[in-house]
Amino acid sequence: MGLSPMKELVLEAQKGHYAVGAFNCNNMEIVQAIVAAAEIENSPVIIQASQGAIKYAGIHYITGLTKLAAESVKIPVALHLDHGTSFEQCIECIRSGFTSVMIDGSKHDLQSNIELTRRVVEIARLFGVSVEGELGKIGGTEDDIVVSEREALFTDPLEAERFCKETEIDALAVAIGTAHGQYKGIPKLDFERLREIKKKVSTPLVLHGSSGVPEEAIREAISIGVSKVNIDTNIREAFTEAARQVIIDNPKEIDPRKMLGPAREAAIEVIREKIKIFGSSGKA
Ligand code: G3H
Ligand code: 13P
Ligand code: ZN
């Protein structure tokens, strides 16, 4: 199968009350792990690449590896730009073969975010490419801000209604208490806000910063209406820990395959676990 538009995957998930996992890749082994895990689970899957991943691996390696991976399996696979911040970058990804882009205009004011996101939607539509927008600010665990300050950055349900209507995006990333990276404590999600957003918006919702969020909270967010769940940090942890263990056990090892092979296996395991929690096993 070739690469599928993200929109089809998340609309199916919305109908079926489960979520599709969107897993960040940075290299060949992680692309292989994402697709292998999804294939074992017979699940649709979204492979996503951040600007950092594209800078590290090169855009043509990302699209080339991902297309090959998708063609080698029967499950639906989408390729998504994670947190694109400019119009030009979204266009570059569309030209290169991505089937979905995120335009993260969350640092702009509402009107400018709407205008930027709408411009990307108009072009992406012409190519059958899906678009995710972001409203509210998700941020990182390292952004040293207190809870009350973070809450001020959460997605406003009325603004979400206007944002989705005026931009016609295919998926909306919401800020409800999650953050990117490793959490210091246990994150507390604002489910009431999520319910309010869900009442006002029919667009599939996306949960970012999902590594380290307790399983029950993820399940609750999905039951309220989240249809795409982003995971990066938990893959990094599993991948790097496995490679590190090989070096600790055998400090003289020089064969990269001896480190990256176990790292890939560890990534497959963590991705399979996530897919089971998201409820997308058997939904391909
Ligand atoms: O949302 C952020 C992702 O974890 C990507 O992180 O920019 O370090 O590739 P990165
Ligand atoms: P984590 O690294 O916290 O899982 O967040 C991933 C993410 O939201 C990518 O957009
Ligand atoms: Zn994110």
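Summary of packing: across the peptides 202-214, 65-77, the per-residue average of other C-beta atoms within 10 Å ranks them, highest first, as 202-214, 65-77. For region 36-131, the equivalent ellipsoid derived from the alpha-carbon gyration tensor has semi-axes of 26, 14, 12 Å in decreasing order. Relative to the longest principal axis of the Cα atoms of the chain, the long axis of helix 59-71 lies at roughly 80 degrees. A protection proxy built from the mean count of other Cβ atoms within 10 Å ranks the segments 134-142, 242-250, most packed first, as 134-142, 242-250. For the chain, the longest principal axis of the C-alpha atoms and the axis of helix 28-41 are separated by about 80°. Each of 233, 259, 222 was scored by the projection of its Cα onto the charge dipole of region 188-284, and the greatest displacement toward the positive side belongs to 222; charges sit on the C-beta of Lys, Arg, Asp and Glu.
Per the Debye calculation on the chain with a single equal scatterer at every Cα and no solvent contribution, log₁₀ I(q)/I(0) for q = 0.12 Å⁻¹ amounts to -0.70. Shape analysis of region 110-214 based on the Cα gyration tensor places the equivalent ellipsoid semi-axes at 25, 14, 13 Å, largest first. Inter-part distance, region 1-25 to region 76-93, computed on C-alpha centroids, equals 15 Å. Gyration tensor over the Cα atoms of region 151-212: the corresponding equivalent ellipsoid has semi-axes (square roots of 5 times the eigenvalues, largest first) of 22, 12, 9 Å. Could you sort out which of 107/198; 200/276; 137/184; 15/55; 74/228 sit more than 25 Å apart by Cα distance in this structure? Result: 200/276; 15/55 exceed 25 Å. Between the C-alpha center of region 31-65 and that of region 236-284 there is a gap of 15 Å.
Using just its DSSP H runs of length 4 or more, each adding -39500 (n - 2.57), the chain gives a mean residue ellipticity at 222 nm of -16500 deg cm²/dmol after division by all residues. Counting charges near residue 278 (Lys, Arg +1; Asp, Glu -1) among other residues having Cβ under 12 Å from its Cβ returns a value of +3.
Any read-out appearing in this document is the output of simple, stated calculations on the displayed coordinates, not a laboratory observation. The structure presented is a predicted model; accordingly, all values stated were derived computationally and were not measured. We place every Cβ from the backbone using ideal geometry, glycine too, and count neighbours over all the protein chains shown.
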